[in-house]
1. Mind telling me which of the residues 171, 188 ends up being in contact with a helix residue (DSSP H, G or I) (Cβ under 6 Å, 6 or more places away or on another chain) and farther than 24 Å from residue 123 by Cα?
2. Among residues belonging to segment 2-47 that are without any contact (Cβ under 8 Å) to a residue 60 or more places away in the chain and at positive phi, point out the one that is surrounded by the most Cβ atoms within 10 Å (Cβ to Cβ).
3. For residue 213, which of the numbered conditions (1) outside any loop (DSSP other than H, G, I, E, B); (2) in contact (Cβ under 8 Å) with a residue 24 or more places away in the chain; (3) out of contact with any strand residue (DSSP E or B) (no Cβ under 9 Å at 6 or more places or on another chain) fails to hold?
4. Select from segment 109-124 the residues that are open to solvent by less than 30 Å² (accessible area, probe 1.4 Å) and free of Cβ contacts under 8 Å to residues at least 40 places away in the same chain and list them in ascending order.
5. List the number of the failed condition for residue 158; all other conditions in (1) open to solvent by 50 Å² or more (accessible area, probe 1.4 Å); (2) out of contact with any Pro (no Cβ under 7 Å at 6 or more places or on another chain); (3) among the polar types (S, T, N, Q) hold.
6. Would you pick out the residues in segment 213-232 that are open to solvent by less than 20 Å² (accessible area, probe 1.4 Å) and within 19 Å of the chain's Cα centre (by Cα)?
7. Looking only at segment 68-108, count how many residues are open to solvent by less than 50 Å² (accessible area, probe 1.4 Å), more than 19 Å from residue 245 (Cα to Cα) and of a type in the set (D, E, K, R).
8. Pairs only if they're at least six apart or on different chains, beta carbon under 7 angstrom, first in segment 60-78 and without any contact (Cβ under 8 Å) to a residue 60 or more places away in the chain, second aromatic (Phe, Trp, Tyr) and not in a helix (DSSP H, G or I); list them, first residue then second.
Amino acid sequence: MLVNAGVEIHRARAEVLDPHSVRVGGRTVTAKHILVATGSWPVVPQIPGREHAITSNEAFHLERLPRRALVVGGGYIAVEFASIFHGLGVQTTLTYRGKRLLRGFDAELGTRIAEEMSAKGLQICFGCEPAALRRKQGIEIEFTDGSLRETDLVMFATGRRPNTARLGLESAGVKLAADGAVIVDRYSTSSVPSIHAVGDVTNRINLTPVATAEALWLARTLFRNEPTPIDHEQVATAVFANPNLATVGLSEEKARERYGAVDIYKASFRGLKLTMTEKTERTFMKLVVERASQRVVGAHMIGPDAGEVIQGIAIAVKLGATKAQFDQTIGIHPTAAEEFVTLREKTA
């Protein structure tokens with residue numbers, strides 16, 4: 001796509017020299033604007049034996065599947081890769097130092113996704129934090145409480161850090177946050193007016209579609225004379241675990257912080273297509289409604305194709321639809337998605 005658009009690609013390491021110059025492979029390139037979009041890099045805790053573990057970078061380059069795997073972390077990447085390994089038949093354990101998965105999501109989602117994953121046979125250990133790894137016949141993990149566990153593969157999914165090391169940004173006058181993120185304003189411009197940044201390197205909302213949108217907004221600002229600030233409100237996202245989880249808008253906790261009084265509508269049910277099987281997986285749906293205006297400010301789901309369902313719901317939430325407008329919408333029967341327009345009884 002870049003080549004077709006006429007972009008000249010330099011396959012070498014780049015270093016920013018000043019507000020308008022970049023050194024690339026021994027050559028200096030100048031430009032009116034410089035855009036930093038170098039993403040982020042996995043963080044592995046500084047514990048003994050850390051070299052025996054992998055991250056998501058190496059996960060797709062394994063020569064063979066391990067018999068046993070232990071995934072460390074409780075966020076998107078940890079939950080997704082634990083589901084991938086488990087789905088491929090690997091004896092998988094997910095360990096997390098906290099008490100609930102997916103910190104930052106609606107609390108109920110974190111609790112329920114753990115229940116569903118455990119019901120499928122994936123082992124989850126809360127309050128478990130590795131202190132050291134040792135190579136034996138497999139890999140022995142020693143936890144901070146002194147307990148030991150052996151596995152064949154350890155994957156750390158314990159966060160990512162903005163990828164700004166040795167890029168020359170600070171020397172060029174660009175201010176960085178403590179974690180290395182490029183500090184930008186609402187137009188994605190750094191402390192140097194000619195240097196901009198989008199995506200994970202700014203550590204705002206670290207999602208691929210958000211990075212794409214930030215780039216589009218920046219392009220309009222710089223080249224169309226249409227100043228377009230970022231819009232990070234009501235961003236929909238999905239966690240492709242087993243089962244899927246998706247959400248848009250505010251969690252119940254954040255909505256109460258922002259608005260005070262909210263109404264909560266929930267449903268938990270066994271999908272119709274599962275009723276003739278022995279599967280016990282349940283779908284969960286939740287709407288968060290600002291009480292004063294009756295706007296739906298959050299929609300959350302766990303279940304098959306949750307990402308597909310929430311993508312459509314996200315349009316209504318973005319447009320400020322009210323609970324009455326949800327109720328006026330005729331559902332498509334028999335689907336799980338129709339539950340979002342048939343929720344009638346408040347649970348809180």
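1. Result: 188 is the single residue among 171, 188 that is in contact with a helix residue (DSSP H, G or I) (Cβ under 6 Å, 6 or more places away or on another chain) and farther than 24 Å from residue 123 by Cα.
2. 25
3. Going through the list (1) outside any loop (DSSP other than H, G, I, E, B); (2) in contact (Cβ under 8 Å) with a residue 24 or more places away in the chain; (3) out of contact with any strand residue (DSSP E or B) (no Cβ under 9 Å at 6 or more places or on another chain), residue 213 breaks only (2).
4. 110, 114
5. The number of the failed condition is (2).
6. Taking segment 213-232 first, the residues open to solvent by less than 20 Å² (accessible area, probe 1.4 Å) are 214, 218.
If the condition is that a residue be open to solvent by less than 20 Å² (accessible area, probe 1.4 Å) and within 19 Å of the chain's Cα centre (by Cα), then 214 is the only one that fits.
7. 1
8. 74/96
The values are calculated or read from the model by the stated rules, or taken from the named source; none is laboratory data. All figures in this text were calculated on a predicted structure; none of them were measured in a lab. As a convention, Cβ positions derive from the backbone with ideal geometry for all residues, glycine included, and neighbour counts pool all protein chains shown. Note: areas computed on protein heavy atoms with side chains; ligands, DNA, RNA excluded. Shrake-Rupley method; radii C 1.70, N 1.55, O 1.52, S 1.80 Å.
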